[in-house]
1. Which loop trypsin sites (Lys or Arg not before Pro) in the range 133-199, with loop taken from DSSP, have no more than 13 other Cβ atoms within 10 angstrom of their Cβ?
2. Given the range 119-253, what percent of its DSSP beta bridges are antiparallel, to the nearest 5?
3. From the helices alone, meaning DSSP H stretches of at least four residues, give me the mean residue ellipticity at 222 nm for the chain, per-run term -39500 (n - 2.57), in deg cm²/dmol to the nearest 500.
4. If you filter the range 192-254 for GluC sites (Glu not before Pro), then keep DSSP loop positions with at most 10 other Cβ within 10 Å, what is left?
5. Which label belongs to the value computed from this structure, given these candidates for percent of Cα pairs over 35 Å apart: (1) 25; (2) 35; (3) 8?
6. What does the charge dipole of the range 142-238 about its Cα centre add up to, to the nearest 20 debye, if the Cβ of each Lys and Arg holds +1 and the Cβ of each Asp and Glu holds -1?
7. Only loop residues by DSSP count here, and only those with at most 12 other Cβ atoms within 10 Å; note down the GluC sites (Glu not before Pro) in the range 33-102 that meet that.
8. So, in Å, what gap is there between the alpha-carbon centers of the range 29-108 and the range 166-235?
Amino acid sequence: MTASRRISAAFLALVLGPMFALCALAAPAQAEEAVTGEALERLRATLEAPGGLSVESARQSPVPGLLEVKLADGPTVYATPDGTFFVLGDLYSVGAAGYVNLAEQRRNGERQEAIAAVDSDDMIVFPAEGETRGHITVFTDVTCFYCQKLHKEVPELNRRGIEVRYLAYPRAGVGSEGFQLLATAWCAKDRQETLTRLKAREEVETAVCPGNPVAEEYALGQAVGVRGTPAIILPDGQMVPGYRPVDDLVAALGLD
């Protein structure tokens with residue numbers, strides 16, 4: 001399977017977008033039950049009638065009478081079963097645990113699945129020294145100052161038993177200078193060394209090979225909600241945006 005197909009499969013069905021907040025009392029129940037058949041078609045017909053929306057799937061939300069609707073290439077919305085009303089926003093439960101963002105929990109799970117589906121050959125991996133105690137996956141751009149700062153701390157992360165797995169995310173998009181440099185790293189014979197040199201702002205001859213996964217990883221990042229770099233994904237799918245020092249990452253992984 002090509003890098004493109006492997007990574008495309010990783011983010012199919014993911015939806016993320018700008019969100020407001022919807023708070024609701026926790027009401028358990030058939031949150032996983034899919035809406036199918038005539039019920040789905042009625043919902044689709046109503047929501048899609050004005051044009052501009054395309055319903056990919058729907059399922060029961062934790063709130064009775066409210067469906068969680070996945071829009072194709074768009075955000076998740078919460079709609080009435082007949083589709084005449086919908087809310088764009090995150091769904092929260094309120095209870096003993098405080099305010100719990102159920103929508104973000106769902107995204108964490110989807111993000112976790114998407115990252116797990118990426119072939120390790122399409123990553124640049126800096127393995128832990130000795131026993132691997134944990135790992136982080138980082139969407140990175142060599143032209144990003146805080147990516148460079150984080151990379152300087154990778155040896156310390158490795159010494160503490162944390163494996164660092166890089167995915168490419170050229171902030172300026174496909175075809176940009178950042179894209180060319182990332183592709184150079186991913187196409188290099190020694191990818192670790194080349195990525196390190198580029199992040200140290202050393203001069204490296206650009207060499208973009210066919211079939212490199214940078215464009216697909218950029219698309220994957222967009223699909224899982226990456227809006228800047230570095231974007232650090234924890235094993236449970238939680239995304240930590242921006243630079244974090246080593247001690248914070250160790251704590252986030254529960255390795256104190």
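Every number in this text was worked out from the coordinates using simple rules, so none of it is lab data. In this text, all values refer to a predicted model and were calculated from it rather than measured experimentally. In this analysis, Cβ positions are derived from the backbone assuming ideal geometry, glycine residues included, and neighbour counts consider all displayed protein chains.
1. On the way: sites: Arg133, Lys149, Lys152, Arg159, Arg160, Arg165, Arg171, Lys189, Arg191, Arg197, Lys199; in loops: Arg133, Arg160, Arg171, Lys189.
Counting only loop positions with at most 13 other Cβ atoms within 10 Å, the trypsin sites (Lys or Arg not before Pro) in the range 133-199 are Lys189.
2. Details: 9 of 16 bridges.
Antiparallel bridges: around 55 percent, rounded to the nearest 5.
3. Numbers: 9 runs with 87 residues, N = 256.
The helix contribution divided over the chain gives -10000 deg cm²/dmol.
4. Values: sites: Glu193, Glu202, Glu203, Glu205, Glu216, Glu217; in loops: Glu202, Glu203, Glu205.
Loop-located and lightly packed - Glu202, Glu203, Glu205.
5. (1)
6. Working: 12 positive and 12 negative charges, 50 e Å.
Its charge dipole is roughly 240 debye.
7. Working: sites: Glu33, Glu38, Glu41, Glu48, Glu56, Glu68; in loops: Glu33.
In loop regions of the range 33-102 (DSSP not H, G, I, E or B), the sparsely surrounded GluC sites (Glu not before Pro) are Glu33.
8. Each part reduced to its Cα centre gives a spacing of 34 Å.
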